[in-house]
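Please treat every number below as a calculation from the coordinates, not as lab data. It should be emphasised that the depicted structure is a prediction, and the values quoted were computed from it without experimental measurement. Ideal geometry is used to build each Cβ from the backbone, glycine not excepted, and the neighbour counts take in all protein chains shown.
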Amino acid sequence: EDQVTQSPEALRLQEGESSSLNCSYTVSGLRGLFWYRQDPGKGPEFLFTLYSAGEEKEKERLKATLTKKESFLHITAPKPEDSATYLCAVRGAGGTSYGKLTFGQGTILTVHP
Amino acid sequence: GAGVSQTPSNKVTEKGKYVELRCDPISGHTALYWYRQSLGQGPEFLIYFQGTGAADDSGLPNDRFFAVRPEGSVSTLKIQRTERGDSAVYLCASSPDYKDVLTFGAGSRLTVL
């Protein structure tokens, strides 16, 4: 069974204070690791997909990296508008379904001005 | 449509009642997913459709939950004899194909009194 664990559960930063969020996973044949952002009262919004160890992707102040056991979401010089819950999910190749994503519990990020 | 549409956005019902939640996916998306999200948790997989058929319904918690997608577009999640533990946000997502990125709707918040 695919499993995803995210840490920390909550992170408070000052504006401009860079940090990283962690996503540890176990999966039978990784078919993609996904990062989503979720604002209160809204559905998750797609950020990145990573497929193989060593892969990196960037978007504005966010950079996602992947190893064989974990992924990091690095936030550089965050702004208050980066405050949200960040969700990590994996798609595995095991079982009868290749489609579903298995999510972690999320990291609640708060950036203070 | 431009995005995934879910109705109602909010539903309050009494214990034991029957509830239907509707999802209208992005036009042309063949894969459709239902997830459930409790407060402070990540989305929990319920079921996913590829076209009209349920490709994986392993996440449905018991036989009170049922979902259909009769014409391969709109889907309805049906919950019989609702219980207070069913209270959560029910998220729908769609993707062009089962290998692609999921786009989520805003969710239907269900409260069982």
Item to check | Cα pair distances of the protein assembly as shown binned at 5 Å [whole percent] | outcome: 1, 7, 15, 18, 18, 17, 12, 7, 4, 1, 0
Checklist outcome for this item: Counting as exposed only GluC sites (Glu not before Pro) in DSSP loop states with no more than 11 other Cβ atoms inside 10 Å, the longest exposed-site-free span of chain A is A:61-113
Checklist entry - By a straight-distance test (C-alpha under 22 Å), which lysines pair with A:Lys63 as possible cross-link partners, with residues fewer than eight away in the same chain excluded? => result A:Lys79
Item to check | Sites matching chymotrypsin sites (Phe, Trp or Tyr not before Pro) across the stretch B:1-103 that sit in DSSP coil, with at most 14 neighbouring C-beta atoms within 10 Å | outcome: B:Tyr18
Checklist outcome for this item: Cα-based Rg/(2.2 N^0.38 Å) for the stretch A:13-112, rounded to two decimals, is 1.08
Checklist entry - When only Cα pairs under 8 Å and 6 or more residues apart are kept, what is the percent relative contact order across chain A? => result 38
Checklist entry - Can you list the residues, at least 5 places off or on another chain, whose amide H is less than 5 Å from the amide H of B:Ser87, using H built in the peptide plane? => result B:Val112
Checklist outcome for this item: Normalised Cα Rg of chain B, dividing by 2.2 N^0.38 Å with N its residue count, works out at 0.99
Checklist outcome for this item: Those chymotrypsin sites (Phe, Trp or Tyr not before Pro) from the stretch A:39-113 that are DSSP loop and have at most 15 other Cβ neighbours within 10 Å turn out to be A:Tyr51
